[in-house]
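Have a look at the structure below before the remarks.
The values are calculated or read from the model by the stated rules, or taken from the named source; none is laboratory data. Keep in mind that what you see is a predicted model, and the values were worked out from it rather than measured. Cβ coordinates were reconstructed from backbone atoms using ideal geometry, including for glycine residues, and neighbour counts include every protein chain displayed. Surface accessibility is based on the protein's heavy atoms, side chains included, excluding ligands, DNA and RNA. Shrake-Rupley method; radii C 1.70, N 1.55, O 1.52, S 1.80 Å.
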Amino acid sequence: MNAQKTIRLETQGRGTVDITAQVQSIVAQTGVTVGICQVFVHHTSASLMLCENADPDVQRDMESFMARLVPDGDPIFRHTAEGPDDMPAHVRSVLTQSALSLPVSEGSCQLGTWQGVYLWEHRRHGHQRRVTVTVLGE
Amino acid sequence: MNAQKTIRLETQGRGTVDITAQVQSIVAQTGVTVGICQVFVHHTSASLMLCENADPDVQRDMESFMARLVPDGDPIFRHTAEGPDDMPAHVRSVLTQSALSLPVSEGSCQLGTWQGVYLWEHRRHGHQRRVTVTVLGE
Amino acid sequence: MNAQKTIRLETQGRGTVDITAQVQSIVAQTGVTVGICQVFVHHTSASLMLCENADPDVQRDMESFMARLVPDGDPIFRHTAEGPDDMPAHVRSVLTQSALSLPVSEGSCQLGTWQGVYLWEHRRHGHQRRVTVTVLGE
């Protein structure tokens, strides 16, 4: 059995959006009890992250770390036509995940207690983002 | 056909644990000959890594690199309540993998000659860690 | 339904090779219309990347960023027997992906407009690389 559904999100610029509940709801609708759930983002300047979901400081710290590691406007970059935050967004995307693969059992994604599923917008301005959830199993 | 099994591991603090044999043993038990094996860690301060398995210096060097890239006690971090190694553990987890997706053929994970499957504990102290292996295929 | 095929590539040293068309062709041949496509590299000094495919500067910038983040000959590394670019190649591999998981619908991988699938050779000299594509679905 397999099923697929696309989520469309409007981001508000750089930062994370918790999509855990949307992903779990799609999995529940498929009727798959044991299998694999794949979450995929169709962009190269936004990515996906499994992250601690209890203290909002964790996501802020993640953003601070990335902003220092891959600074906007870094003179090392030649691809600057779309702004100082575009190439850093591509690098952040490559250093994190375009796809998350999650185990399904008892009809839902078996996340750890502190694991949340986040879309991470890496551009400064908001964008429309498309995420596809595919569930395979029995 | 699909099958799922959970492994519980007791880590000894920061460092890697080779779980290749355990994963291969689970795959063999499923009877799946061609398909996909997903290995998933249910935590945000430990992660999974496919790494060179011949020279133990490779894993030591990996640890040295991460310790420099994401130093414990970095003043950039606000999430410090659980100790100076907690937020760095979350960052290391995001920069590596919470899930590995491996090809199965002829009844086992087709790893390259030098590829081993490792759990990477990012906290200084030992923890109980849970890893779920899901196998889909025929 | 599932299907699996191995691609062999000869790289020309450090840099990327676009394998999008080869992956799509394998998916088309399987007859799977909805499911998951897994692309896996059987090496620890080359990796896979979903990357912007319109401006070649993006891949050059990605390479510049990695060359600075994980410099060849870094004295922090002990594993140097295979040359100054070997341990950096292992680190680059761990910071990026050994496997890409892509959604299949309407008989092909549903990539975003600007997403290409690349093999990233991290060694300075060319190597023979093996990539396995596994497709599961209906």
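What is the helix-to-structure angle for B:56-69, meaning the angle in degrees between its Cα long axis and the longest Cα principal axis of chain B, kept from 0 to 90 and rounded to the nearest 10?
For helix B:56-69, the angle is close to 40 degrees.
Measuring label to label, 7 Å along Cα→Cβ, what does residue A:127 give against each other copy in nm, shortest first?
Label-point distances to the other copies, shortest first: 3.1, 3.1 nm.
Which whole-Hz couplings ³J(HN,Hα) result when phi for each residue of region A:113-123 is put into the Karplus expression 6.51 cos²θ - 1.76 cosθ + 1.60, θ = phi - 60°, listed in order with x for Gly and Pro?
3, 9, 8, x, 9, 10, 8, 10, 7, 9, 8
Where nothing but the Cβ of Lys and Arg (+1) and of Asp and Glu (-1) is charged, how large is the charge dipole of region B:70-138 around its Cα centre, in debye to the nearest 20?
Numbers: 6 positive and 8 negative charges, 26 e Å.
In total the dipole reaches around 120 debye.
Dipole of region A:1-134 (Lys/Arg Cβ +1, Asp/Glu Cβ -1, origin at the Cα centre): which of A:39, A:76, A:2 lies farthest to the positive side?
The one lying farthest along the dipole's positive direction is A:2.
Report, for residue A:21, each distance to the same residue's label point in the other copies, shortest first and in nm; define the point 7 Å along Cα→Cβ.
4.6, 4.6
For chain B, give the percent of accessible area contributed by carbon and sulfur heavy atoms, probe 1.4 Å, rounded to a whole number.
Values: 2460 of 5040 Å².
Solvent-exposed carbon and sulfur of chain B make up 49 percent of the total.
Using the Cα centre of chain A as origin and beta-carbon charges of +1 (Lys, Arg) and -1 (Asp, Glu), tell me which of A:95, A:110, A:56 is placed farthest towards the positive end of the dipole.
A:95
Find every distance from the label point of residue C:82 to the corresponding label point in the other copies (7 Å from Cα along Cα→Cβ) and write them in nm, one decimal, shortest first.
3.4, 3.4
Specify the angular offset, from 0 to 90 degrees and rounded to the nearest 10, of the alpha carbon long axis of helix B:20-30 from the longest principal axis of the alpha carbons in chain B.
Helix B:20-30 and the main axis of chain B meet at about 30 degrees.
Can you compute the helix-only [θ] at 222 nm over the protein assembly as shown? Use -39500 (n - 2.57) per DSSP H run of at least 4 residues, normalise by all residues, nearest 500 deg cm²/dmol. Working shown, then result.
Working: 9 runs with 105 residues, N = 414.
So the calculated ellipticity at 222 nm is -8000 deg cm²/dmol.
Rounded to the nearest Å, what's the spacing between the alpha carbon centres of region A:114-138 and region B:80-138? Just the number, please.
Taking the Cα centre of each part, region A:114-138 and region B:80-138 sit 21 Å apart.
Taking chain B as the reference, fit the longest principal axis to its C-alpha atoms, fit the long axis of helix B:86-95 to the helix C-alpha atoms, and give the angle between the two in degrees, 0 to 90, nearest 10.
With both axes taken from Cα atoms, the answer is about 40 degrees.
Using only atoms on other chains, find how many Cβ atoms lie within 10 Å of each Cβ of peptide B:62-69 and report the average.
Mean inter-chain Cβ contacts per residue within 10 Å come to 4.
Placing +1 at every Lys and Arg Cβ and -1 at every Asp and Glu Cβ, with all other atoms neutral, what dipole size does region C:33-89 have around its Cα centre, in debye to the nearest 20? Write out the running numbers ahead of the final one.
Working: 3 positive and 10 negative charges, 44 e Å.
I would put it at about 220 debye.
Relative to the Cα centre, what is the charge dipole magnitude of chain A, using +1 at the beta carbon of each Lys and Arg, -1 at the beta carbon of each Asp and Glu, and rounding to the nearest 20 debye? Kindly include the intermediate steps, with their values, before the conclusion.
Details: 11 positive and 15 negative charges, 81 e Å.
About 400 debye.
Based on the mean of other Cβ atoms within 10 Å per residue, sort peptides B:30-42, B:86-98 so the most packed one is first.
Highest mean packing first, the order is B:86-98, B:30-42.
Take peptide B:78-88, look around each residue's Cβ out to 10 angstrom, count Cβ atoms belonging to other protein chains, and average those counts.
Mean number of neighbouring Cβ atoms from other chains: 3.
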